[in-house]
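The values are calculated or read from the model by the stated rules, or taken from the named source; none is laboratory data. Because the structure is predicted, anything quoted here is derived from the model rather than measured. Cβ atoms come from the backbone with ideal geometry, glycine included; neighbour counts cover every protein chain shown.
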Amino acid sequence: MRQTIKLKVNGVERQDDVEPRMLLVHYLRDRLNLTGTHVGCDTGQCGACTVLLNGEAVKSCMVLAVQANGAEVSTVESLARGTEYHPVQQAFWDMHGLQCGFCTPGMMMAAVGLLKRNPNPTDDEIREQLEGNLCRCTGYQNIVAAVRSAAEKMQSTPAAAPVTAGASGE
């Protein structure tokens, strides 16, 4: 028995019939081809699948697609504006906050969620927000530095640095 869901993904209204047991991560990747949201553990442990659901960072492997009915979902594909990176993306690049890149989309979306709630977090607050996102490469120092750098950039140029996503990524 399929259920119809309606939601907004990266600013685009969507309507689909889905199996009630379909996870949001699989809906995003398999139905919408938004493959920036990575499948890591399927148990909520790694954070590679983190997206914003109504502005809050959530692990999309822990949310059923039907639970997102009526919601607004933002994925990593929504961050850049054309060829201009979002300040969080640019900071990850500039501060060497990534290596293999597998965890990076989830880390970025967790960071965007944090900066939406708290535009000037301390290093401890950044670490606390990111503690549910695992990285096997970087050692986290550069990731924390990247989030701090993005926060500073966004405070100095708020009009040029939207925290919420709206681009379709398609």
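Evaluating residue 98 against the criteria (1) more than 30 Å from residue 19 (Cβ to Cβ); (2) among the aliphatic types (A, V, I, L, M); (3) modelled with pLDDT of 95 or more; (4) outside any helix (DSSP H, G or I) leaves one unmet condition, (3). Restricting to segment 120-163, and then to whatever is closer than 12 Å to residue 88 by Cβ and in a loop (DSSP other than H, G, I, E, B), can you tell me which residue is modelled with the lowest pLDDT? Among them, the one singled out is 163. So is residue 113 of a type in the set (Gly, Ala, Ser), under 16 Å from the mean Cα position of the chain (by Cα) and assigned to a helix (DSSP H, G or I) or not? Answer is yes for this residue.
Here 65, 91, 71, 57 are screened, and the one residue that is buried (at least 23 other Cβ atoms within 10 Å of the Cβ) and over 24 Å from residue 154 (Cα atoms) is 65.
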